[in-house]
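Working notes for the structure below.
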Amino acid sequence: MSGIVRAAIVQAKWTGDKESMIVANVAMAKEAASQGAQVLCFEELFYGPYFCQVQDPEYYGYAEPIPGPTTERMIQLAAETGMVVVAPIYEEEQPGVYYNTAVVIDADGRYLGKYRKTHIPQVKGFWEKYYFRPGNLGYPVFDTAVGRIGVYICYDRHFPEGWRALGLAGARIVFNPSATSRGLSAYLWNLEQPSAAVANEYFVGAINRVGVEPLGENEFYGGSYFCDPRGQIVGAAASSTDDEVVVRDLDMKVLEEVRQLWAFYRDRRPDAYGPLVAP
């Protein structure tokens with residue numbers, strides 16, 4: 001468990017079209033690689049606007065198969081930079097069946113698999129059930145060049161069960177790519193992910209968008225950050241207004257120290273938790 005993992009997250013404004021958005025994000029990823037990053041995650045639905053502010057079938061056009069064209073570009077990016085890449089993509093499984101998904105590519109360009117967002121909101125400005133089915137792949141953890149990593153997407157973070165499932169599966173770093181705006185849940189942004197990191201004893205990368213997009217009045221306030229298993233922010237959080245690449249050294253020996261000090265996994269009582277999974 002020891003050693004340093006240099007990890008990166010990217011927050012970005014909507015550029016106006018899919019191609020320029022991919023180009024901008026790839027450029028920031030290469031900047032992270034030039035700083036020695038070994039693993040990187042983009043924001044939720046990274047190549048599009050956050051179209052869930054409206055309900056319009058036009059935006060089904062952003063969906064694509066996995067593997068597909070954007071996955072292939074991410075494979076090339078990973079192979080070129082030697083980074084593990086986590087890329088959130090709007091997935092079309094078949095016509096009319098769509099998921100909010102993140103692909104995981106290893107540092108040698110191998111496609112390792114995907115996670116589909118499990119919990120789907122349907123409230124004003126976040127009309128996600130219009131666009132996505134609930135994920136059906138469970139909570140996979142991926143063995144990568146930097147160790148075991150997991151993904152939990154945006155609204156998922158309000159549900160502790162998935163965080164714990166990822167920890168039980170051995171995740172050392174969990175990324176939470178998001179599209180979080182001021183208002184409804186802004187006060188939770190600096191509470192939930194550090195709390196999840198403490199309760200589950202791993203590092204969390206919390207990624208948010210920035211800017212006001214033309215589809216609505218939601219202001220995405222950035223503030224992306226890494227937190228450690230003690231719940232402390234690693235370095236500083238990103239800007240609330242600007243595109244930014246956050247590169248931080250995550251000291252994996254902290255995992256061992258925390259798990260020996262606070263033996264939450266030893267002291268769990270799954271025999272007493274039956275009511276938690278009652279419908």
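Structure above, values below:
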| item | result |
| --- | --- |
| Residue 143 vs. criteria within 23 Å of residue 80 (Cα to Cα) and acidic (Asp, Glu) | yes |
| Residues located in region 190-229, provided they are under 30 Å from residue 267 (Cβ atoms), surrounded by fewer than 21 Cβ atoms within 10 Å (Cβ to Cβ) and out of contact with any Cys (no Cβ under 6 Å at 6 or more places or on another chain) | 190, 191, 192, 195, 198, 199 |
| Options 218, 200, 208; residue that is modelled with pLDDT of 95 or more and under 20 Å from residue 14 (Cβ atoms) | 208 |
| Single condition residue 160 does not satisfy, out of (1) closer than 25 Å to residue 111 by Cβ; (2) of a type outside the set (S, T, N, Q); (3) surrounded by fewer than 24 Cβ atoms within 10 Å (Cβ to Cβ) | (1) |
| Total residues in region 26-55, condition of a type outside the set (D, E, K, R), under 17 Å from the mean Cα position of the chain (by Cα) and assigned to a loop (DSSP other than H, G, I, E, B) | 9 |
| Test: residue 107 is in contact with a Ser or Thr (Cβ under 9 Å, 6 or more places away or on another chain), surrounded by fewer than 21 Cβ atoms within 10 Å (Cβ to Cβ) and hydrophobic (A, V, I, L, M, F, W, C) | yes |
| Residue check, residue 74 free of Cβ contacts under 8 Å to residues at least 40 places away in the same chain, crowded, with 22+ Cβ neighbours inside 10 Å and more than 22 Å from residue 122 (Cα to Cα) | yes |
| Residue tally, condition farther than 16 Å from residue 97 by Cα, of a type in the set (A, V, I, L, M), modelled with pLDDT of 95 or more and outside any helix (DSSP H, G or I), over region 115-172 | 8 |
| Selected residue [part of a strand (DSSP E or B) and more than 28 Å from residue 249 (Cα to Cα)] from 19, 92 | 92 |
| Residue list for region 77-102, filter: β-branched (Val, Ile, Thr), under 15 Å from residue 25 (Cβ atoms) and surrounded by 24 or more Cβ atoms within 10 Å (Cβ to Cβ) | 85, 86, 89 |
| Residue 90 vs. criteria touching a helix residue (DSSP H, G or I) at 6+ places or on another chain (Cβ under 7 Å), touching a residue at least 12 places away in the same chain (Cβ under 8 Å) and under 20 Å from residue 12 (Cα atoms) | yes |
| Any pair with Cβ under 7 angstrom, 6 or more apart, that starts in region 146-158 at a residue that is in contact (Cβ under 8 Å) with a residue 24 or more places away in the chain and under 25 Å from residue 122 (Cα atoms) and ends at one that is of a type in the set (Ser, Thr, Tyr) and surrounded by fewer than 24 Cβ atoms within 10 Å (Cβ to Cβ) | 150/139; 156/118 |
| Residue in region 230-279 that is surrounded by the most Cβ atoms within 10 Å (Cβ to Cβ), counting only those that are closer than 15 Å to residue 200 by Cα and of a type in the set (Asp, Glu) | 257 |
| Residue list for region 173-185, restricted to those being in a loop (DSSP other than H, G, I, E, B), in contact (Cβ under 8 Å) with a residue 60 or more places away in the chain and closer than 25 Å to residue 105 by Cβ | 178, 179 |
| Residue selected from region 34-53 under the condition closer than 19 Å to residue 147 by Cα and among the small types (Gly, Ala, Ser), by the criterion surrounded by the most Cβ atoms within 10 Å (Cβ to Cβ) | 37 |
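Let's see how each residue does on (1) of a type outside the set (Val, Ile, Thr); (2) in contact with a Pro (Cβ under 7 Å, 6 or more places away or on another chain):
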position	(1), (2)
210	no, no
215	yes, yes
223	yes, no
244	yes, no
248	yes, no
252	yes, no
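The values are calculated or read from the model by the stated rules, or taken from the named source; none is laboratory data. The structure displayed is predicted, hence computed values, not measured ones. We place every Cβ from the backbone using ideal geometry, glycine too, and count neighbours over all the protein chains shown.
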